[in-house]
Amino acid sequence: MTRRLIALFRAARLALHIAYGLFLAVSYPWFGLAIRRRILQRWSTGLLDIFNVRIEIDRDDPLHRLHHGLIVTNHISWLDVFVLNAVVPMRFVAKSEVRRWPAIGWLCARAQTLFIERGKARSAARINVQLVDLLQRGECLAIFPEGTTTDGSKVAHFHSSLLQPAIDAGALVHPIAIRYQDRYGAHNLASAYIDEMSFGASMWNILSEPELHVRLVATPPLDASGTDRRNLTRAVHHHIGATLAGMHAIPVMSQTPESPEHVLARMEADLHFQSLYCVLLDSSLAQEAAQQPAK
């Protein structure tokens, strides 16, 4: 019963947050790059707060110094996009089906996601040309070379075609491993968007989960200059696979059940934080928009 109440409470907050995002998305493409990145990062952070998703990154992780290049990561959930954007605002390459998701698809399109039609060489070639141009301009881009989602226990086969733009642009490639877990470090499948699961069912699973932690580990960047696609793909796959295996090997801490009173107190604290977050975001965006030179 408690889990259902948590899910319904979060669903109401989520509806308001999406409505707020739709409002921002109307004018989003016309803001300057710095403002767009702040909007994307703060909206993604707000979304994770609603789901009570906590991001864990080591203090000395290379991810803290990442500003441009091609991010390559394993793929578990549609939530991956917002987790990464909450840390480093970036543009994603996504399958064209995402564009048709209710509300979220339109938000992704307004956030300048690059959509690719799977199995169509012409679509892949067009996207690759765009990626090379964006990488040469110093953009931060992200791809999921598995081409599908997994349960996160291991890394699936990588499709190498989307790594070619990094070679053509002479860009840095940043391998990142993602793992969803509970507060004690045990592997958690609540966010896994796999098999024949619908988007609605996946959303409900995440809304119903009391607390979810996601651990991000980046390995040192790889210089794509002077290499070929096959060797680059093999190296990135090895780095992510080995890192993920190491994350699974970490012992799980002993568990102490959380009381219903503590759950309800945390829900109230989350709601207060979300309200404060929206007020601060409105104020910050208004100030930044006023300072931006007119075009």
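Quick one: Kirkwood hydrodynamic radius for the range 159-260, alpha-carbon pairs, angstrom, one decimal? Walk me through the intermediate numbers first.
Working: mean 1/r = 0.0620 Å⁻¹.
Over the range 159-260, the inverse of the mean reciprocal pair distance is 16.1 Å.
The HN-Hα couplings worked out from phi for the range 105-120 by the Karplus form 6.51 cos²θ - 1.76 cosθ + 1.60 (θ = phi - 60°) are x, 5, 4, 5, 5, 5, 7, 6, 5, 9, 9, 10, 8, 5, x, 10 Hz, whole numbers, x standing for Gly and Pro.
Over all directions, average the projected area of the Cα convex hull of the range 1-108 and note it in nm².
Working: hull surface 32.9 nm².
Dividing the Cα hull surface by four gives the mean projection, 8.2 nm².
Between the amide H of R179 and those of R215, distances stay under 5 Å, these residues lying 5 or more places away or on another chain, with hydrogens modeled in the peptide plane. Extension gain, A125 to I55, is 21.8 nm, computed as 0.36 nm per intervening residue step minus the present C-alpha separation. All other residues with a Cβ under 13 Å from the Cβ of I127 taken together, and with Lys, Arg as +1 and Asp, Glu as -1, what is their net charge? Neighbourhood net charge equals +3. Taking +1 at the Cβ of each Lys and Arg and -1 at the Cβ of each Asp and Glu, which of I50, M203, A25 sits farthest along the dipole of the chain towards its positive end, judged by Cα position relative to the Cα centre? Result: A25.
Near R54, the amide H atoms lying under 5 Å from its own belong to L212, H213, V214; only residues 5 or more places off or on other chains count, and H is placed 1.01 Å from N. Each label was represented as a point 7 Å from its Cα along the Cα-to-Cβ direction; for R118 and A245 these points are 2.6 nm apart. Here, the range 103-199 yields an orientationally averaged convex hull projection of 8.0 nm² when only Cα atoms define the hull.
In the range 53-263, a dipole from Cβ-located charges (positive for Lys and Arg, negative for Asp and Glu) runs towards its positive end, and of V132, L63, V98 it is V132 whose Cα lies farthest in that direction.
So if I place +1 on the C-beta of Lys and Arg and -1 on the C-beta of Asp and Glu, and nothing else carries charge, what would the dipole magnitude of the range 53-263 be about its Cα centre? I want it in debye, nearest 20. Kindly include the intermediate steps, with their values, before the conclusion.
Details: 20 positive and 21 negative charges, 164 e Å.
Dipole of the range 53-263, to the nearest 20 debye: 780 debye.
The packing ranking, built from the mean of other Cβ atoms within 10 Å per residue, places the peptides 231-237, 9-15 in the order 231-237, 9-15, highest first. Put simply, the amide H of I116, placed in the peptide plane, has neighbours under 5 Å in A94, K95, S96, leaving out anything fewer than 5 places away on its chain. Measuring how big the chain is from its alpha-carbon positions, Rg and Dmax come out at 19.2, 58 Å.
A convex hull fitted to the Cα coordinates of the range 1-54 yields 53 cubic angstrom per residue. Averaged over residues, the count of other Cβ atoms within 10 Å places the peptides 60-73, 189-202 in the sequence 60-73, 189-202, highest first.
The numbers here are math on the coordinates, done by the rules we state, and not lab data. If you're wondering where the values come from, they're calculated on a predicted model, not measured in any experiment. Note: ideal-geometry Cβ built from the backbone for every residue, glycine included; neighbour counts use all protein chains shown.
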